[in-house]
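Since the structure comes first, as structure tokens, the remarks are kept for the end.
Values quoted throughout were computed directly from the atomic coordinates according to the rules given, and no laboratory measurement underlies them. What you see is a predicted model, and the numbers here were worked out from it, not measured in a lab. Reconstructed Cβ throughout: ideal geometry from the backbone, glycine too, with neighbour counts over all protein chains shown.
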Amino acid sequence: MLFAAPQRSGGPLRADPVAIETGINEVLAAYSAGDDRAVESWLRTPEAGVSLSSIERVIADRAAPWTRARAAFLLEVAVGTMALRPAEIAVRDFAMGLMLTRRSDSLLLVGGQLVAGRPTPFGANPAEDRFEVLWHHAALGVAQGMEQYALQQRYLAVAGPRLEQARSGGTAVSSRLPLARAIAAAGLCCWSRTAGETIQFRSMNAPPVAPVTADTAVDLFTRAAAVPALHVEAMIRGAVLLSRIGREPEALAWFERVPPHTDRGLGYVHHITLARLLDAVNRPADAAAAYSVALDHAPDNQRAAIGLAAALLRAGREEDAARAGANARRLPEERSDQLRAYQRADARFVREWLEEIRRLRR
Amino acid sequence: MKPVVILTVALAAHAALIGAQGAQGTGVYRSRAEVVVIDAAVSDGRKPITHLTKNDFELRDNGVVQEVLDFSRETLPLDVTVTIDISGSMTPAKRGMVYRAVDQISAALKPDDRGSVVTFATRVIERRPLLPPPMEADLSPNGSGTAVRDALLLSLTSTPAVDRRQFGLFMTDGEDTTSYFDARTVTETARHASGQTTIVLVRDNGKLKDKDARQMFQAVATTTGGEVVELDRGDDLSRAFLAALESFRTSYVLRYSPVGVASPGWHEVSVTTKPKRYNVRARRGYWADVSR
């Protein structure tokens, strides 16, 4: 449990600022010395509960020398915080969801500024450059994992100019920021409280983000799709957005331009959304084929199985529909919710990026 | 007293087109000799009308009067699927009521009939496959969401059978929280469904306010020849289930071979009685030759 009650057998823990600073520095020392699990283990202790609000002050102390370990430490805490995501907490505890959002907001923004303020400029040290880009990616992944679009937008205001600077200074930086911009914009323009989506918390001490239109979001997906490494995902996400905002013919046209790919999570959302679009334009046989591909990507997914059965029925294939329906009713519990994973975007890469950050911090 | 007429015309083998040769086995067969089978329940007020003959019906397919070739009542065994909302909004008291209602349905089935139980919350789960009675099923809670539209959509995809009649009882409080599919997909799919679906809305905090949901339930029920039954706090669910089953069992089964109407496409079907016009609850039509 991340926020354990600040109690222990010797009585309640006191929020002694010196003890807190010493405690945080001890964990930082262990982490800097190579103990990858130091932060994770500490977060489970009662001490972490009372120290959490002091972390930025201690770690991002301007008087302290810049180290990658210091910056990585903040990210570790943010990732650890994500383990209790507002998405799930908000359902039972709105106050806890709000508190976690404010904590992550602060950790990511302070950490982002710390890493952006490193002494070496882009191009001087490839390992340091890589560290910074990974940090920005992971921070955005955490914000995307929390499905908090204003937070993503605020973080992009920190990371975006840095990478622009690198580019204008002649350093080629491959990044996922164009896609992250589009994802944040799509959330801001077109988010609606529907089943399975997260309450959008607003940090009280954070400035409001500017309104975004659907056209801007679509335009950002178009720009992201121009980056070869982001093309497939940007096209799929753009098509899904178009479908959600009721621009079905454009959505279908975007889907038609998605090249073949092997990403299972994206493949599921790609095909189930396409199937619903085909359903809507009365092409049940094509819809059934698309549901079938969605089911190949996520064999335990009941939504795809139900969609397949219904599309087969509308296509006049009653017996196939009945078989597909029976299969849908007997599916085991889905191991992971692919739609949820899609909504959480780069959260799927955060662990992997954090591993690399851990290697680079030493 | 002015007669109130309820005629239920359910497309038994679901307005499916049944080839004469195929009628010996189960499944839907297509041939040149297409036969449409329709269930029709007739009533005068709440009183079922059970004395009619073939000649008392007038059946139209896309507006063209058809000759009823064959006519029967209560001869074919039933396949009954009970789909039950067990989401968080179902209180233990409501669940107890549902257990009793399923028991009553089970007791009302004949040895040749078959019954199945499906539950839904976030997911739809088959608790008991289609088997002869008695029906026993675990109705323990599973998941906190309520995917009403998804469950209703799935319930429409039952197996068509030539020698059996299919009836679905769908019970819910109507409050959808997690469905993926929209009402339009559900109502459109209902036009292709083979069985008849009756929806029992169990409400204990007033009428269902969601207009779209209400329209969807009504559309599914009327399209398939079923009805929407709304129960308030204290109403007897078992009685409602049994009345719906009885109405289906005692309905007339009419068969005809469409003449003078173009195929394929949607066929609007209407059934009336003559000379006295009773109430007819009827399936609205069927799709022909979609896959050809």
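Side notes on the structure shown:
- Among A:E132, A:E164, A:E333, residue whose mean-square fluctuation peaks in a GNM of chain A (springs only between Cα atoms under 10 Å): A:E333
- In degrees, nearest ten, helix A:318-329 long axis to first principal axis of chain A (Cα): 20 degrees
- Shape category assigned to the stretch B:78-248 from the gyration tensor of Cα positions, a/c cut at 1.5: rounded
- Packing-based exposure ordering (other Cβ within 10 Å, fewest first) of B:K94, B:K209: B:K209, B:K94
- Screening chain B for whole DSSP H helices of 15 Å or more along their axis (Cα) with average Kyte-Doolittle hydropathy at least 0.0 returns B:237-249.
- Radius ratio Rg over Rh of chain A, counting only Cα atoms, Kirkwood formula for Rh: 1.02
- Between helix A:214-225 and chain A there is an angle of about 80 degrees, using the helix long axis and the longest principal axis of the Cα atoms.
- Net charge of the neighbourhood of A:R118, taken over other residues with C-beta under 11 Å away and scored Lys/Arg +1, Asp/Glu -1, is 0.
- Here the dipole of the protein assembly as shown is about 520 debye; that uses its Cα centre as origin and unit charges on the Cβ of Lys and Arg (positive) and Asp and Glu (negative).
- Counting Lys and Arg as +1 and Asp and Glu as -1 over every other residue whose Cβ lies under 11 Å from the Cβ of A:P284, the net charge comes to 0.
- Tilt relative to chain A, helix A:350-361 - C-alpha long axis, 0 to 90 degrees, to 10: 30 degrees
- The value of relative contact order for chain B, using C-alpha pairs under 8 Å at least six residues apart, is 30 percent.
- Across the protein assembly as shown the C-alpha pair distances fall into 20 Å bins from zero in the proportions 17, 40, 27, 13, 2 percent.
- Comparing mean-square fluctuations of A:A328, A:A304, A:A124 from a GNM of chain A with C-alpha springs under 10 Å, the top value falls on A:A124.
- Most mobile of B:F120, B:F248, B:F71 in a GNM of chain B (Cα contacts under 10 Å): B:F71
- Summing charges over neighbours of B:G206, with a neighbour being any other residue whose Cβ is under 10 Å away from its Cβ, gives +2 when K and R count +1 and D and E count -1.
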